[in-house]
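Asker: What follows is a single structure, and I will ask about it in a moment.
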Amino acid sequence: MRTGLFGGTFDPIHMGHLIVAETVRSDFTLDRILFIPAEKPPHKRDSYLSPSTVRLKMVELAISRHPNFESSDVEIQRGGTSYTVDTVRWFLELKEWRKDVLYLIVGSDSLLEMDTWKDPAIILEKIQTLVVERPGFDWEKGDKRFLKKVTLVQIPLVDISSTEIRRRVREGKSIRYWVPEKVENYIQRKGLYL
């Protein structure tokens, strides 16, 4: 099987995430995409974060009707800070995943921070990394050591962010079509981001 590993905070998951996942799945003929919510993202320690179980539930609601999308709670179960290298190693070392060809899916903003990641060279050595271009990304700012080891993925430019969605909810504005309907209903029911 060809499997894409798509990690993130997903607070909340939104249509941009789903467009990225479907484009990568289709363009690279992947059999499945695993959405992996982080327990504690290392680069977002100072900001408020919804509980991981809430973020996982939103992922599950968002992908429930897609036959090639699955969720994984590996980082939540492991606990602590969610380092990508630990997740990659976990998938590569488990017997049931050894036959899969794995791809790591990251945004271009993450590529600019990769020199601050834990063991980035190991990640790029162990797994094919697909970098999804984000609006306004300047490839010239990327670290050449990392750029030559990744594959650029062109996707439709959809400038939606979880930060903006949370702000809109706080301000009482609509997030319809920004997130899947089930996620919107869940956010309203739980009173998230108020």
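The values are calculated or read from the model by the stated rules, or taken from the named source; none is laboratory data. Bear in mind that the values here come from a model prediction, so they are computed numbers and not experimental data. Don't worry about glycine lacking a Cβ; one is built from the backbone with ideal geometry, like all the others, and counts go over all protein chains shown.
Asker: Of the residues that sit in the stretch 38-75 and are among the hydroxyl-bearing types (Ser, Thr, Tyr) and within 13 Å of the chain's Cα centre (by Cα), which one is surrounded by the fewest Cβ atoms within 10 Å (Cβ to Cβ)?
Answerer: Among those that are among the hydroxyl-bearing types (Ser, Thr, Tyr) and within 13 Å of the chain's Cα centre (by Cα), it is Ser72.
Asker: If the requirement is being in contact with a helix residue (DSSP H, G or I) (Cβ under 6 Å, 6 or more places away or on another chain) and β-branched (Val, Ile, Thr), which of these qualifies: Ile165, Ile155, Ile187?
Answerer: Residue meeting the stated conditions: Ile155.
Asker: Being more than 10 Å from His14 (Cα to Cα) and β-branched (Val, Ile, Thr) is the filter here, so list the residues in the stretch 177-194 that pass it.
Answerer: Passing the criteria: only Ile187.
Asker: Residue check, Arg168 against (1) at pLDDT 90 or above; (2) assigned to a helix (DSSP H, G or I); (3) in contact with a Gly (Cβ under 7 Å, 6 or more places away or on another chain), all met but one. Which one?
Answerer: (3)
Asker: Here are the criteria: (1) surrounded by 22 or more Cβ atoms within 10 Å (Cβ to Cβ); (2) in contact with a strand residue (DSSP E or B) (Cβ under 9 Å, 6 or more places away or on another chain). Tell me which single one Phe28 does not satisfy.
Answerer: Among (1) surrounded by 22 or more Cβ atoms within 10 Å (Cβ to Cβ); (2) in contact with a strand residue (DSSP E or B) (Cβ under 9 Å, 6 or more places away or on another chain), the lone unmet condition for Phe28 is (1).
Asker: I'd like the residue in the stretch 117-164 that is in contact with a Gly (Cβ under 8 Å, 6 or more places away or on another chain) and in a strand (DSSP E or B) and, out of all such residues, is modelled with the highest pLDDT.
Answerer: Leu130
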